[in-house]
Structures are given as structure tokens and as C-alpha cells.
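This report concerns only the one structure given below.
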Amino acid sequence: MSNAYDVIIIGSGPGGYIAAIRAAQLGLKTAIVEREHLAGICSNWGCIPTKALLRSAEIYHYAKHPGDYGVKIEGTVTPDLKAIVARSRGIAARMNGGVGFLMKKNKVDVIWGEAKLSKPGEIVVSKTTKAIQQPQAPLPKNTLGEGTYTAKHIIVATGARPRALPGIEPDGKLIWTYFEAMKPEEMPKSLLVMGSGAIGIEFASFYRTLGVDVTVVEVMSQVMPVEDAEISALAKKQFEKQGMKILLEAKVAKVEKGANSITAHVEKKDGSIEKITADRMISAVGVQANVENIGLEALGVKTDRGFIQIDGYGRTNVPGIYAIGDVAGPPMLAHKAEHEAVICVEKIVGLPNVHPMDKGKIPGCTYCHPQVASVGLTEAKAKEQGRDIRVGRFPFVANGKAIALGEDQGLVKTIFDKKTGELLGAHLVGAEVTELIQGFVVAMNLETTEEELMHTIFPHPTISETLKESVLDAYGRALNA
């Protein structure tokens, strides 16, 4: 078997495996290198298994409040932590196996090991230091290992890992990353979450729903700092109503470890220190790209603030070397990585009309309770850019379907350019808004104006009607509020 390929992808996460599939579809001889598990962090330890945990928490929440829906449940409802974790890990294994099947289906060679760029067009794969997690589906027949491989095009998709703050490094026992938080052996009675981005707030929501005393510490002035301030404030109000304690403009300055607990010294905006003792702590202060020990420096591949520099098509400054996904910079989202993968491969092949990545149209979703979703400019960012804007708002409390579901706490907020009617941004908080946001994403990509949205017929009764009503409100025409 020849070790020469048209394309080799390093890393099999959402960006890597999608790049491999698209390359194979376009007739390129393709291989993918993986050191641990097919499907990457997203399917094994991130996006998918966390949603499984949150679904279990959601079911528990409904079971604890059956009277809200006219239902009576006799006896005590309790979460089975072992079963919840097992379900989540089983789903991760299923996703892992699914990618193995896709590699086989598309005739992509899988190379197990750790890859290093040795020179342009060449990688050396050594034995992995990680424990390989085999997928449940059969591996491709062309499963390879250590050796030297060549390719005209090499795509780096090595992803990222949890970032650690000096002196507060996760130890896997008392201070967790998302790895440990996803498979606890026992449920802590209290939990401190450092960081309120998507990872931190989702775990805070999961554990709080299951009855854990949760405190969130955030250095910025709002939870989920990248979101619109108004949406963030509404979400915070709901979190606190659920019993979550949230400290903003505060930072964990020091952590003292006990036998089975931690005491965090939290420094507040006024300089005062509050000591918070909790059974466990989750460090959710972001991620850092896996750029080390893959040969970037030797080949002169440029990085900036720990990320590989690329253009809108995934090309680095070194011909024949590309980067996609988390390793290529924010936003650190699986769907961004997948779209970058397709753009990169199609540009390599030379397909016509390949558009560069437009980061202004990438939706963001946080699967806490209530959910938060957004795309485009926040109100503050639009004003910073000097845009003359119209802002529309529509509350879930005025939507029949939301009321019927018992989910009437939410808001849809839309931001338009006053002169052109261009949709600049949309921001949602409430039940299932992560499913609704795509309507606005499609509208933005089609360059839809407010007039076209107003003339679109939304089905009734649905929560999606809040999208249209928010548009109408921006122009003083809301019908149901």
C-alpha cells in the first residue's frame, strides 16, 4: 500500500472527519490521522454527550414538577447518576462508531498515532501516547499506523484542550475540567464553577437541576460574556431563580484543597475576598489550541496568540498546509469547524464559487436552562460600529405555544439597520431557542430584509412565531404584544 495521498488530515474531530469525507467525495485519495478517538472532543467529550446529560436533567426536572402539567407521580423521583453517565457515554460511543463507519464508507484510510509535520508535504506518525478508543463500528480495512506519509495537501485539525490558570490547575479529583464533570463517580453536594461561558454555564445548569448547590464565578460583568447584555441579564435572572448563586466581576484568586473539598478565595470588584467552600470545582475558563509538538515552528507556520493563522479558506502562510477548527481560532464551535472543512477542501480542489468563511453569520448556542442562542451583532456591537439601528423584542409570555408548554419565560430580540432593513443580529433566550436560531441564520445568509421576513408565514401555534413578532416589533407592528 502506498503512503502517498492527495490529502492528509491530522485530527478526526468535526472539522477533520468532515474534511476527509468531502475530500473523498471529490475524488481525492485521503487519509486521516487520529491519536485517541474518532470524532474528536465534540462527539466523545463535548457537544453530544453533554446534551445527553442535560436531557437527563431536563427529564428529572419535569418529573419533579408533574403538577405543573396536571400529572400525578406517586413516590420519590431521584436521579440515577450511574445510569445518567452511562447513557451519555453510550451515546458518545455510538457517535464514535458512526464516524468509523463513515470513514469506511468513504474509503478514507485511518492512521492511528501522533502526527508531526516533518517537511512540506510530509508527516511522520509515531506511536500514540494516548489510549486508543476504538469505535464500535468496524474500522476501515486500510487502518494504518506508524510511518512516514506524504500528501500534496495537509490539513491540521488538532482541536483544543481545556485551559488551566496557573496555581488553579485541574487535578481530576477536586478541580475538574469538562472531562471529569461529564462522568462523576458521585454527585457533589456543592459545586463552584469558574467561568460562565457555554461550557461553564451548561455544567452549572446540569448540576443545579439535579439538586447540587452551585456557585458560578465570572470575571466579566455578565454571564455568557459573548451574548447580548439584555439576553444575558434575563438568563441570569432565571438561573438565580433556580437557586444558582452567580458572582460577576469576580475572580478565583487562590484555591485551598481539603481532603474532599476546596475553598476558593474569590476576589470581588471592590477588592474584598469571599471564601467559598465546595465539594468540587469546575475550571471552565476557556480552551487552548493543540499547536505544540506537531512541527509548526520548524516549517515556519505562523501562529497568533496560540492559534494557527489562516485566511478565509483555511490556508496558512506555508503552501500546502492548512488549518481548520479550534486550532485555527475562535469561535470554538463544531459547526464552524465543519464549514471551514468544506470550504478548505473545495478550495483545494478548485471548485468555482467557493466563499470564504464569514464569521459574522456563525450562530452560537448554549444548552443551559433556559437555552440561549444568537447570531450576528449584539446591540452594543452594532452601536459601537456606528450603525443606526432598530431593535425589536417579543416575549415568550405573549406566545400561545410557549404558554401551553409551560415555558413562557423567554425573549426574541432582533437588530436591524434602520436605513437598509438588513438583519444585523438576533438574540434569543428561552425554550428550544437553539432550534429556532437557524431561521435567522438562513435569513442573514439570504440577505433577507425586514419586509421579506414580515411577509413570511409562520405556522401557528409554534414558538417560532416569536421570531416574526420580534421583527414586527422593530418596526412598531407587533400584533400579539
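The values are calculated or read from the model by the stated rules, or taken from the named source; none is laboratory data. Just so you know, these numbers come straight off a predicted model, no measurement behind them. Using ideal geometry, Cβ is built from the backbone for each residue, glycine included, and neighbour counts are taken over all protein chains shown. Keep in mind that these areas ignore ligands, DNA and RNA; they rest on the heavy atoms of the full protein, side chains included. Shrake-Rupley method; radii C 1.70, N 1.55, O 1.52, S 1.80 Å.
Yes or no: residue 219 without any contact (Cβ under 8 Å) to a residue 60 or more places away in the chain and open to solvent by less than 20 Å² (accessible area, probe 1.4 Å)? Show your work before the answer.
Working: without any contact (Cβ under 8 Å) to a residue 60 or more places away in the chain: yes; open to solvent by less than 20 Å² (accessible area, probe 1.4 Å): no.
No, not satisfied.
Taken over the range 248-266, residues that are in contact with a Lys or Arg (Cβ under 6 Å, 6 or more places away or on another chain) and buried (at least 18 other Cβ atoms within 10 Å of the Cβ) amount to 1.
Just checking, how many residues over the range 187-209 are assigned to a strand (DSSP E or B), buried (at least 21 other Cβ atoms within 10 Å of the Cβ) and among the polar types (S, T, N, Q)?
Keep residues of the range 187-209 that are assigned to a strand (DSSP E or B), which gives 190-194.
Subsequent filtering for residues that are buried (at least 21 other Cβ atoms within 10 Å of the Cβ) retains 191-194.
Among the residues that remain, those that are also among the polar types (S, T, N, Q) are: none.
Total satisfying the criteria: 0.
Tell me the residue from 367, 322, 313 that is surrounded by fewer than 19 Cβ atoms within 10 Å (Cβ to Cβ) and aromatic (Phe, Trp, Tyr), please. The match here is 313. Residues in the range 1-40 that are out of contact with any strand residue (DSSP E or B) (no Cβ under 7 Å at 6 or more places or on another chain) and surrounded by fewer than 24 Cβ atoms within 10 Å (Cβ to Cβ): 1, 2, 21, 22, 25, 26, 27. Entry remark, the range 449-481: residues being among the hydroxyl-bearing types (Ser, Thr, Tyr), surrounded by 18 or more Cβ atoms within 10 Å (Cβ to Cβ) and under 16 Å from residue 424 (Cβ atoms) number 1 in total. Taking the stated definitions as given, is residue 107 open to solvent by 30 Å² or more (accessible area, probe 1.4 Å), assigned to a loop (DSSP other than H, G, I, E, B), basic (Lys, Arg) and free of Cβ contacts under 8 Å to residues at least 40 places away in the same chain? Criteria not met by residue 107.
Considering 7, 85, the condition of being in contact (Cβ under 8 Å) with a residue 40 or more places away in the chain, in a strand (DSSP E or B) and β-branched (Val, Ile, Thr) is satisfied by 7 alone.
Could you tell me how many of the residues in the range 399-410 are surrounded by fewer than 23 Cβ atoms within 10 Å (Cβ to Cβ) and among the polar types (S, T, N, Q)? Before the answer, list the steps.
Taking the range 399-410 first, the residues surrounded by fewer than 23 Cβ atoms within 10 Å (Cβ to Cβ) are 400-401, 403-409.
Now narrow it down to the ones that are among the polar types (S, T, N, Q): 409.
Of the residues in the range 399-410, 1 are surrounded by fewer than 23 Cβ atoms within 10 Å (Cβ to Cβ) and among the polar types (S, T, N, Q).
Just to be sure, is residue 428 surrounded by 20 or more Cβ atoms within 10 Å (Cβ to Cβ), modelled with pLDDT of 95 or more, within 22 Å of residue 359 (Cβ to Cβ) and out of contact with any Asp or Glu (no Cβ under 9 Å at 6 or more places or on another chain)? Taking the combined requirement at face value, the residue satisfies it.
Please find, within the range 231-247, the residue that is surrounded by the fewest Cβ atoms within 10 Å (Cβ to Cβ) out of those that are among the hydrophobic types (A, V, I, L, M, F, W, C), part of a helix (DSSP H, G or I) and out of contact with any Cys (no Cβ under 9 Å at 6 or more places or on another chain). Give the steps one after another, and end with the answer.
From the range 231-247, those among the hydrophobic types (A, V, I, L, M, F, W, C) are 231, 233-235, 239, 244, 246-247; that's our starting set.
Then drop every residue that is not part of a helix (DSSP H, G or I), which leaves 231, 233-235, 239.
Subsequent filtering for residues that are out of contact with any Cys (no Cβ under 9 Å at 6 or more places or on another chain) retains 231, 233-234.
Numbers: 231: 26, 233: 13, 234: 21.
If we take residues in the range 231-247 being among the hydrophobic types (A, V, I, L, M, F, W, C), part of a helix (DSSP H, G or I) and out of contact with any Cys (no Cβ under 9 Å at 6 or more places or on another chain), then 233 is surrounded by the fewest Cβ atoms within 10 Å (Cβ to Cβ).
Sort through 167, 197 and tell me the only one that's over 30 Å from residue 31 (Cβ atoms) and at pLDDT below 95. Even if it seems obvious, please write down each step before you answer.
Details: 197 fails: at pLDDT below 95.
Residue meeting the stated conditions: 167.
Among the residues of the range 409-441, the ones that are outside any loop (DSSP other than H, G, I, E, B), farther than 15 Å from residue 392 by Cα and over 22 Å from the mean Cα position of the chain (by Cα) come to 0 in all. One residue alone among 45, 112 is open to solvent by less than 30 Å² (accessible area, probe 1.4 Å), of a type in the set (A, V, I, L, M, F, W, C), within 21 Å of residue 184 (Cβ to Cβ) and at pLDDT below 95, and that residue is 45. Among the residues of the range 372-398, the ones that are of a type outside the set (A, V, I, L, M), within 23 Å of the chain's Cα centre (by Cα) and open to solvent by 30 Å² or more (accessible area, probe 1.4 Å) come to 3 in all. Of everything in the range 442-471, what is touching a Gly at 6+ places or on another chain (Cβ under 8 Å), of a type in the set (Val, Ile, Thr) and assigned to a helix (DSSP H, G or I)? Give them in sequence order. If the condition is that a residue be touching a Gly at 6+ places or on another chain (Cβ under 8 Å), of a type in the set (Val, Ile, Thr) and assigned to a helix (DSSP H, G or I), then 466, 471 are the ones that fit.
Scan the range 421-428 and give yes if some residue there is over 26 Å from residue 335 (Cβ atoms) and touching a Phe, Trp or Tyr at 6+ places or on another chain (Cβ under 6 Å), otherwise no. Working first, answer last.
Quick first cut of the range 421-428, residues over 26 Å from residue 335 (Cβ atoms) only: 421.
If we keep only those that are touching a Phe, Trp or Tyr at 6+ places or on another chain (Cβ under 6 Å) too, we end up with none.
The answer is no, given that none of the residues of the range 421-428 is over 26 Å from residue 335 (Cβ atoms) and touching a Phe, Trp or Tyr at 6+ places or on another chain (Cβ under 6 Å).
Note on the range 276-287: among residues that are open to solvent by 20 Å² or more (accessible area, probe 1.4 Å) and assigned to a loop (DSSP other than H, G, I, E, B), the one that is farthest from residue 434 (Cα to Cα) is 279. So in the range 80-96, with the set limited to residues that are surrounded by fewer than 18 Cβ atoms within 10 Å (Cβ to Cβ) and small (Gly, Ala, Ser), which one is farthest from residue 48 (Cα to Cα)? Once the filter is applied, the top-ranked residue is 83.
Looking only at the range 29-45, how many residues end up being in contact (Cβ under 8 Å) with a residue 60 or more places away in the chain and out of contact with any helix residue (DSSP H, G or I) (no Cβ under 7 Å at 6 or more places or on another chain)?
Pass one, the range 29-45, residues in contact (Cβ under 8 Å) with a residue 60 or more places away in the chain: 30-42, 44-45.
With the extra rule that they be out of contact with any helix residue (DSSP H, G or I) (no Cβ under 7 Å at 6 or more places or on another chain), the set shrinks to 31, 33-36, 41.
Adding up the residues that qualify gives 6.
With respect to the conditions (1) open to solvent by 10 Å² or more (accessible area, probe 1.4 Å); (2) modelled with pLDDT of 95 or more, residue 212 lacks only one, and its number is (1).
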